[in-house]
Amino acid sequence: MTQTPGDAAGDRVRTALVTAGAAGIGAAICRQLAAQGIRVFIADIDGERALRLAASLPGAVAFPGDLQDQEAVATLGRELLDQHGGVDILVNNAGVSEVGPFTDSDPSTWDRMWRINLRTPMLLSHMLLPSMRGRGWGRLVYISTDGARAGAGGEGVYASCKAGLFGLAKTLAREAARDGVTSNVVCPGLIDTAMLRGVRQERPGMVDALLRTIPLRRPGLPDEVAGLVGYLASEQSGYVTGQTISVSGGVTMA
């Protein structure tokens, strides 16, 4: 018998919040989840793009806002709780990076990266996890980076912040397991997104050198990341928790 998300939730369609969901990997995740019958809430600073994507997906809702603004993040969490009773699936996808040697980085930019890459996922998890536990079902998915696992020159601050998601996800996997909530991390490697294309324009030699370190010798596709997220957000992944999984063409093997 085929089970839909609505069936599993007792006629209530599952819901998911995807941060930075309007483009790139985030948009691919939104489309994947929608294809699985999940109602998607799209949080993104690019409100127009989020609205366009939401209009193309059944029941999707856009939540424009700046995810480095912690009051805006708290407002997002409260709106989801007040209007929708929270969400069943939280995909913390938002991230921001500045590429360059660590000793050349500007410490004044570190707080911005920390807020988006780590504090926002912590705050949303803190706000939305209790309602998942109360329903006895939930999925936490954190999008980190393979650079935080394997190390990546030029991304010291970004990798440091994203590495914090490993500890958060594993801790919540243990704390919430008995309430039917799983918590996992997905670590993309080089993925063909606008961000990568921008870096390639600025530093073509660096990206080409990185591609040569990938056993599959190509960048990944957003849909290849989204497929794994879709599985981790599904009923079928209920026995998978506390894991860190790379989508990097074989750069990290574990």
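The values are calculated or read from the model by the stated rules, or taken from the named source; none is laboratory data. What you see is a predicted model; the values in this text were computed from it and never measured. Using ideal geometry, Cβ is built from the backbone for each residue, glycine included, and neighbour counts are taken over all protein chains shown.
Residue count for segment 88-106 satisfying the condition of being under 16 Å from residue 122 (Cβ atoms) and either assigned to a loop (DSSP other than H, G, I, E, B) or among the aliphatic types (A, V, I, L, M) (or both): 6. Identify the residue in segment 216-245 that is more than 13 Å from the chain's Cα centre (by Cα) and polar (S, T, N, Q) and, among all such residues, is nearest to residue 146 (Cα to Cα). The extreme case among them is 243.
Scanning segment 70-105 for residues that are more than 25 Å from residue 24 (Cα to Cα) and touching an Asp or Glu at 6+ places or on another chain (Cβ under 8 Å) returns a single hit, 105.
For segment 68-82: of the residues being buried (at least 17 other Cβ atoms within 10 Å of the Cβ) and not small (Gly, Ala, Ser), which is nearest to residue 116 (Cα to Cα)? The qualifying residue nearest to residue 116 (Cα to Cα) is 68. Which residues, counting only those in segment 154-204, are outside any helix (DSSP H, G or I) and within 21 Å of residue 214 (Cα to Cα)? Passing the criteria: 154, 155, 185, 186, 187, 188, 189, 190, 191, 192, 193, 203. As a summary of the residue check, residue 117 satisfies the conditions (1) more than 30 Å from residue 219 (Cα to Cα); (2) outside any loop (DSSP other than H, G, I, E, B) except for the one numbered (1).
Of the residues making up segment 1-49, just one is among the basic types (Lys, Arg) and at pLDDT below 90, namely 12.
Would you confirm, using the coordinates I've provided, whether residue 183 is in contact (Cβ under 8 Å) with a residue 24 or more places away in the chain, within 30 Å of residue 133 (Cβ to Cβ) and surrounded by 15 or more Cβ atoms within 10 Å (Cβ to Cβ)? Considered against the rule, which asks whether it is in contact (Cβ under 8 Å) with a residue 24 or more places away in the chain, within 30 Å of residue 133 (Cβ to Cβ) and surrounded by 15 or more Cβ atoms within 10 Å (Cβ to Cβ), residue 183 comes out as yes. Applying a threshold of 7 Å to beta carbon distances and a minimum spacing of six or more residues, or different chains, the list of pairs starting in segment 14-35 at a residue that is on the phi > 0 side of the Ramachandran plot and ending at one that is surrounded by fewer than 24 Cβ atoms within 10 Å (Cβ to Cβ) reads 20/94; 24/193; 24/194; 24/195; 24/222. Restricted to segment 142-156, and to residues there that are of a type in the set (A, V, I, L, M) and surrounded by 22 or more Cβ atoms within 10 Å (Cβ to Cβ), the residue that is farthest from residue 103 (Cα to Cα) is 143.
One residue alone among 139, 218, 197, 203 is over 22 Å from residue 26 (Cβ atoms), charged (D, E, K, R) and either surrounded by fewer than 22 Cβ atoms within 10 Å (Cβ to Cβ) or modelled with pLDDT of 95 or more (or both), and that residue is 203. Residues in segment 44-58 that are assigned to a loop (DSSP other than H, G, I, E, B) and either surrounded by 17 or more Cβ atoms within 10 Å (Cβ to Cβ) or aliphatic (A, V, I, L, M) (or both): 2 in all. Looking only at segment 188-215, count every residue that is closer than 16 Å to residue 97 by Cβ and more than 22 Å from the chain's Cα centre (by Cα) and tell me the total. Residues that pass the stated criteria total 7.
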